[in-house]
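Engineer: Sending over a structure as structure tokens; questions will come in a sec.
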Amino acid sequence: MALPVYASTGQRVWHYAFRVICGLIFFYLIAPILVIIPLSFNAQDFFTFTPEMLHLDPAGYSLKHYHDFFNNIDWQLPLWNSLKIAPMATLIAVALGTLAAVGLSQSHVPFKGAIMAILISPMIVPLIISAAGMYFFYSRIGLQGTYWGVVLAHAALGIPFVIITVTATLVGFDKSLTRAASSLGAGPLRTFWKVQMPLILPGVVSGALFAFITSFDEVVVVLFMGAAGQKTLPWQMFTGLREQISPTILAAAVVLIAVSIFMLAALEMIRRRNERLRGLTPA
Amino acid sequence: MRITKLLGSAALALLPMAAPVLAQDAATELPPCDGCSDSMVIMSWGGAYQNSQLKAYVEPYQALTGITVTWDESSNEAIAKLRAAQEAGNMPYDLVDVEGPDSQRACDEGLAAEIDFDEALAPGSDGSSVEDDFGDSLINDCFVPQIYFSTTFGYRTDVAEWNGQTPDDICDIFDTATFPGKRSLQASPKKNLEWALVCDGVPADQVYDVLDTPEGVDRALAKLDTIKDDVIWWTAGAETPQLLADKEVVMGSTYNGRLFSVIAEEKQPVAMLWDYENFDFDGWIVPAGLDEARMNRVMHFLRFATDTQRLADQAKYIAYGPARASSQPLVSTHIDLGIEMAPFMPTNPDNMKNYLVNNIEWWSDHQDEVEAKFQAWLGQ
Amino acid sequence: MADATISGGLPQGRGAKTASPGGPMLAADGTPLRASLARSLRRQKMRALLLIAPLLLFILVTFVMPIGDMLFRSVENHIVADTLPRTVAALRDDPSEVPGEPVFRAMAEDLQVAVEEKTHTQLGTRLNYESSGMSSLLRGTGRDVKGMGEDVAKAVTGLDDAWEEPGTWVALLADPAWVQTQAEWAAADDKSPEPAFAASAAATERLPRTVEAYQAFAHVTQADDGDSVTEEEPWNLAYVALADDLRADPGAAEAFEGDNRARLDALSAAVADGTVPAVSYRDMFVESDDAWGEPGTWSVLRTFSSRFTPGYYLNAVDLKLGPNGIEMREPKDRIYLQLFVRTLVMSLVITGTCILLGYPIAFLLANLPERTANLLMILVLLPFWTSLLVRTSAWKVLLQQQGVINDILVWLGIVGDGNRLALINNQTGTIIAMTHILLPFMILPLYSVMKGIPKSYVRAAKSLGANDWTAFWRVYFPQSVPGIGAGSILCFILAIGYYITPELVGGTKGVFISNRIAYHISDSLNWGLAAALGTILLAVVMLLYWAYDRLVGIDNVKLGG
């Protein structure tokens, strides 16, 4: 998109105007997330920049909201609940999802379209509808307001992501490798673990990351399905936002942003590794 | 109307402010709890109110018994949560804090257990019987009262457009010419309709008679229509204080104890409007169908948490009037701020020149109809 | 594809073909090749299904069945027939607008039982969805029903105070066999519930109404309260029924013996001479509330006595089932159509803004060198990966009147300090925040489509004399349309189902249908209506999902670029 040397004035103006427009849109995308980082260090209980902060006066900044976040039981309990719920939901989603994705990648799967549609549906159905249905149904079977109720619901919501990422890696999977393995005497299980798994691992890991973040950030379903004992971090943030906004929410938000950055970095690493591997494999 | 008398006497009792030395001896009298569960899940309102419960009797009770308590801040959805839990056959809550009308609804629908007050609760420290001590606050067979509260208005004292005037009449809420700016009101017909009718010229003692007529509700809604565009609607009691502090609104209704926090604790430029504030009760209900161990624990706790001293202690943390007459003389100053609580109490005679009392029976009969009409009106 | 599978599954297949050119093709083990192939294929299918089965089962139970439950709840209407079984049955035989005495008597029995079981309030709430006023009607009459027939009970007991004794009633009505088992139960004293009351043949034949009323009382006493009928005085209803039975059949006493006969004879005489007054339940109901004498009340009961109803769906689109069929609701009660329209319009606006903002970004990213594009892509992916709650909190904080955006505008002098913009608790807030949240879902599909557009096309157009705009508009843009389509459907699907963001920044005017669903689940407790609204929303989403599948293919959903 470099500007050619022979560009007319109009083209030059448009070229730069376009970049400015894009810059503004990027700003819109990223600024709200970045702006709460300094705000979370506010020494006051305000949600805007105090004069001290604008003058970069150290007195205007403090860690007190973080101190509150890491010491207040109102935030620690939800954090632990989130950390108890998300990994379990991820485990279920990844185990069942990977197995099914391997099944779906076979050459002859009856009703493949229908099955795929059902498995992907938790991602498409609006969360409020899933939440309503689960609330009604889980109430009937006594799972409403229980740890396992929330875990199962979150696992269901995470499964489409696992299916999509793992199927995507299986599409590029060279079937002659499994055939080679079985012709060399490996049983199906051994073939799966030793040959197939290492190759689809990046897909499984990204699926797991998606499933984890789905559960970790999910609020609608847990709001309906959970009871006090399952209050998660997003739930606590939602209540806080709806009722009284304490600046601790911003500290919690920054912690969650850190989690997102970590996830993003992990995914990027997987992607790079994939590209490298793909580059090495002879076409 | 006996409640009037009771409120009046409660207020008088508050006046002398002779704070007796608070006796902490009740703690040693706590009988052992046999066959009791060792944990409780309590549903309450969160915020300043829950904190007053925590400090006044939950933490002391935990210190004495060593049980664990989990809080669930969803009292504004109490009935829905109870109904879902009952349907699920899995009741996660041991004790639920609700307003008077909700207790009536829970009791009517069999969601709450009926309680024998004489047996379950402690007599007054002055020797009065449970019935006499709680008086009119025993509104039904399921409800164990804690406090009186009132819903009233707070306003910012620094609004330039008001040219130095401050609202002192409930109907100033509807006067957007003199008092321009956004108002916050509860997204519920309760209280709003009563205020609208009072400001539409209905005498306070005829408000429910008018609401009972087919045109009554429409008349109140028509009055509310005049300020509809200037209203931000709230669902949680903490919202109005927040909106006032953030200057999102210039005046708004909320529970008087929440306003106390904004004015006295957070020192915001906010003042209270005491005119036709709406009285109601708040208290405990016990979910129906708890097993024996949990029931024993809840009853053991309730006896402790609603005795004369504990209810008086609660008023040291929040400006609500204890439901027991015998607790009234023990109320004095705020525990941390040392402020006299009287000016902030709904039961202070200065604050009670005009007031409304929530008609629980009318509301529990008509809630469904009026709520549906109100929500349709709100959505249009 | 099929070829590869055959050779994969049966490497010896080709050999078989060459071995027997004339006869049926045989596999290595001698079975016909066709059968062998079919078997292998079947085995493959089975294996695939076995791998998928656990997940499919899991999704069916944790997700599909809940959705099914929602569909069921949107039409389910057991409550009327369950709470008022006698009334519903009696209404079937009585087509008049305001029914006659038998229906009112059935209603009195049903209501008395419902009050004891505390179910009449739920019924009132349910019927109030259809006709305003039903809730207070049932609650009010529920309070009165216990006192109905007090005059009769007083007159009967005044005649002979034996009628106050529970034992008198048991002796009159009970089946001797039941008396026997009841006595054994009482002797055992093992805390099991009392054996269900059974009436004698004579009583059932000659005192049918009494037996019916007493049975209702006995059921509540035994099953709900855990008490014994031998210790509880029956309801007024039973006294009224007994008087009515004796009025209809003055000779009923002849079927009984001993004390029973003597008491019934005395009572018959008192009924005949008017000492025991004749009462009408119809009058007592109308006295309790005039609404019982109005056809409207009964038409609601009749209309909603079936076990399944379209009522919730009609309600969800501002219609109702009146006595004359489906009709519009009163203008002031119409809210849902408006809300659906608002949800759709706002979702369209948000999708439109996403296209406007997303297209340039995707274009830039697709045409920049790989390294720069990857770097800038982080600016798109970071919001994508950041918690929805975080982004919503950010907007809530930024958009406030005293928030950063208004501060900057005031500082720049664009708005005065007194006229800070209302950016939150209205539609503006919802649109700003949701566009931000959904923008990555527009950019990512657009980007992947644009990546696939060969740059040479635009160059060719230009070399043929097109200017920049023509080359873009006539050559590049049409090729990017599938990306716009995919991104738009994705954004739109996500937007119309949103709940959290509108709830937090939308006020009353900026909320969506989802917020109404949540309101009906947790505040108004109208679960049927919530389910119906949810089902309609689901249908819209499914339609779009189907379109998306057609356009993009669900297998081609990519995550995170």
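The values are calculated or read from the model by the stated rules, or taken from the named source; none is laboratory data. Just so you know, these numbers come straight off a predicted model, no measurement behind them. Ideal geometry is used to build each Cβ from the backbone, glycine not excepted, and the neighbour counts take in all protein chains shown.
Engineer: Filter the range A:7-30 down to the residues that are among the hydrophobic types (A, V, I, L, M, F, W, C) and surrounded by fewer than 11 Cβ atoms within 10 Å (Cβ to Cβ) and list them by number.
Structural biologist: Those that are among the hydrophobic types (A, V, I, L, M, F, W, C) and surrounded by fewer than 11 Cβ atoms within 10 Å (Cβ to Cβ): A:A17, A:V20.
Engineer: Would you confirm whether or not the range B:294-302 contains a residue that is touching a residue at least 12 places away in the same chain (Cβ under 8 Å), surrounded by fewer than 24 Cβ atoms within 10 Å (Cβ to Cβ), farther than 18 Å from B:D97 by Cβ and over 20 Å from the mean Cα position of the chain (by Cα)?
Structural biologist: yes
Engineer: Here are some residues: C:I496, C:I484, C:I453. Which one is within 31 Å of the chain's Cα centre (by Cα) and either among the aliphatic types (A, V, I, L, M) or within 13 Å of chain A (Cβ to nearest Cβ) (or both)?
Structural biologist: None of the others qualify; the one that does is C:I496.
Engineer: Of the residues in the range B:187-207, how many are surrounded by fewer than 20 Cβ atoms within 10 Å (Cβ to Cβ), touching a residue at least 60 places away in the same chain (Cβ under 8 Å) and of a type outside the set (G, A, S)?
Structural biologist: 1
Engineer: For the subset of the range C:83-131 comprising residues that are away from chain B (no Cβ under 11 Å), buried (at least 20 other Cβ atoms within 10 Å of the Cβ) and β-branched (V, I, T), which member is farthest from the chain's Cα centre (by Cα)?
Structural biologist: C:V103
Engineer: So, one more: Could you please find all residues in the range C:235-253 being in contact (Cβ under 8 Å) with a residue 24 or more places away in the chain and farther than 17 Å from C:Y214 by Cβ?
Structural biologist: C:R247
Engineer: Considering only residues of the range C:402-420 that are at the interface with another protein chain (Cβ under 8 Å from one of its Cβ atoms) and buried (at least 19 other Cβ atoms within 10 Å of the Cβ), which is nearest to C:V505 (Cα to Cα)?
Structural biologist: The selected residue is C:G403.
Engineer: Kindly evaluate A:F161 against the criterion of being crowded, with 24+ Cβ neighbours inside 10 Å, assigned to a helix (DSSP H, G or I) and in contact with a Lys or Arg (Cβ under 9 Å, 6 or more places away or on another chain).
Structural biologist: No.
Engineer: Name the single residue, out of those in the range C:311-332 being of a type outside the set (G, A, S) and touching a residue at least 24 places away in the same chain (Cβ under 8 Å), that is farthest from the other protein chains (Cβ to nearest Cβ).
Structural biologist: C:P323
Engineer: Only one of C:A253, C:A248, C:A196, C:A218 is surrounded by 17 or more Cβ atoms within 10 Å (Cβ to Cβ) and at pLDDT 90 or above; which?
Structural biologist: It is C:A218.
Engineer: Being in a helix (DSSP H, G or I), farther than 20 Å from C:R43 by Cα and within 19 Å of the chain's Cα centre (by Cα), is that true of even one residue in the range A:110-119?
Structural biologist: Within the range A:110-119 (the criterion being in a helix (DSSP H, G or I), farther than 20 Å from C:R43 by Cα and within 19 Å of the chain's Cα centre (by Cα)), the answer is yes, since at least one residue qualifies.
Engineer: For residues that are farther than 25 Å from A:E275 by Cα and within 11 Å of chain C (Cβ to nearest Cβ), tally how many sit in the range A:180-213.
Structural biologist: Counting residues in the range A:180-213 that are farther than 25 Å from A:E275 by Cα and within 11 Å of chain C (Cβ to nearest Cβ) gives 3.
Engineer: Sticking with this structure for a sec: Looking only at the range B:103-138, filter to residues that are without any contact (Cβ under 8 Å) to a residue 40 or more places away in the chain and touching a strand residue (DSSP E or B) at 6+ places or on another chain (Cβ under 9 Å); which one of those is nearest to B:F304 (Cα to Cα)?
Structural biologist: Among residues in the range B:103-138 that are without any contact (Cβ under 8 Å) to a residue 40 or more places away in the chain and touching a strand residue (DSSP E or B) at 6+ places or on another chain (Cβ under 9 Å), the one nearest to B:F304 (Cα to Cα) is B:F117.
Engineer: Something else: Filter the helices (runs of 4 or more DSSP H) completely within the range B:48-152 down to those with at least 2 residues that are more than 11 Å from every other protein chain (Cβ to nearest Cβ).
Structural biologist: In the range B:48-152, the matching helices (runs of 4 or more DSSP H) lie at B:59-65, B:100-108, B:117-120, B:130-134.
Engineer: Provide a single number: the residues in the range B:334-347 that are surrounded by fewer than 19 Cβ atoms within 10 Å (Cβ to Cβ) and either in contact with a Pro (Cβ under 9 Å, 6 or more places away or on another chain) or within 25 Å of B:F153 (Cβ to Cβ) (or both).
Structural biologist: 5
Engineer: Check the range C:389-401 and report whether any residue there is within 29 Å of B:A160 (Cα to Cα), within 14 Å of chain B (Cβ to nearest Cβ), surrounded by fewer than 22 Cβ atoms within 10 Å (Cβ to Cβ) and within 41 Å of the chain's Cα centre (by Cα).
Structural biologist: Within the range C:389-401, one or more residues are within 29 Å of B:A160 (Cα to Cα), within 14 Å of chain B (Cβ to nearest Cβ), surrounded by fewer than 22 Cβ atoms within 10 Å (Cβ to Cβ) and within 41 Å of the chain's Cα centre (by Cα).
Engineer: Would you confirm, using the coordinates I've provided, whether B:F281 is assigned to a strand (DSSP E or B) and either closer than 19 Å to B:S150 by Cα or in contact with an Asp or Glu (Cβ under 8 Å, 6 or more places away or on another chain) (or both)?
Structural biologist: Considered against the rule, which asks whether it is assigned to a strand (DSSP E or B) and either closer than 19 Å to B:S150 by Cα or in contact with an Asp or Glu (Cβ under 8 Å, 6 or more places away or on another chain) (or both), B:F281 comes out as yes.
Engineer: Condition test on B:D336, is it away from chain C (no Cβ under 14 Å), within 30 Å of B:A56 (Cα to Cα) and either among the β-branched types (V, I, T) or part of a helix (DSSP H, G or I) (or both)?
Structural biologist: It is false that B:D336 is away from chain C (no Cβ under 14 Å), within 30 Å of B:A56 (Cα to Cα) and either among the β-branched types (V, I, T) or part of a helix (DSSP H, G or I) (or both).
Engineer: Looking only at residues in the range A:1-36 that are among the β-branched types (V, I, T) and more than 23 Å from C:V410 (Cβ to Cβ), which one is farthest from the other protein chains (Cβ to nearest Cβ)?
Structural biologist: Selected residue: A:V5.
Engineer: Among (1) under 22 Å from B:N354 (Cα atoms); (2) without any contact (Cβ under 8 Å) to a residue 24 or more places away in the chain, there is one condition B:K267 misses while meeting the rest; what is its number?
Structural biologist: It is condition (1) that B:K267 fails.
Engineer: Go through (1) without any contact (Cβ under 8 Å) to a residue 40 or more places away in the chain; (2) in contact with a Leu (Cβ under 9 Å, 6 or more places away or on another chain); (3) more than 8 Å from chain C (Cβ to nearest Cβ); (4) of a type outside the set (S, T, N, Q) for A:A114 and report which single condition fails.
Structural biologist: Status for A:A114: all satisfied but (2).
Engineer: Which members of the range B:80-91 meet the condition of being out of contact with any strand residue (DSSP E or B) (no Cβ under 8 Å at 6 or more places or on another chain) and not small (G, A, S)?
Structural biologist: B:R83, B:E87, B:N90
Engineer: Test A:V205 against the stated conditions and say whether it is within 18 Å of A:V166 (Cα to Cα) and within 13 Å of the chain's Cα centre (by Cα).
Structural biologist: Taking the combined requirement at face value, the residue satisfies it.
Engineer: Criterion first (touching a residue at least 60 places away in the same chain (Cβ under 8 Å) and either surrounded by fewer than 20 Cβ atoms within 10 Å (Cβ to Cβ) or in a helix (DSSP H, G or I) (or both)) does C:G510 satisfy it?
Structural biologist: So C:G510 does not fit the description; no.
Engineer: Here is a further query. From C:E205, C:E233, C:E194, grab the single residue that is in a helix (DSSP H, G or I) and among the acidic types (D, E).
Structural biologist: After ruling out the rest, the residue left standing is C:E205.
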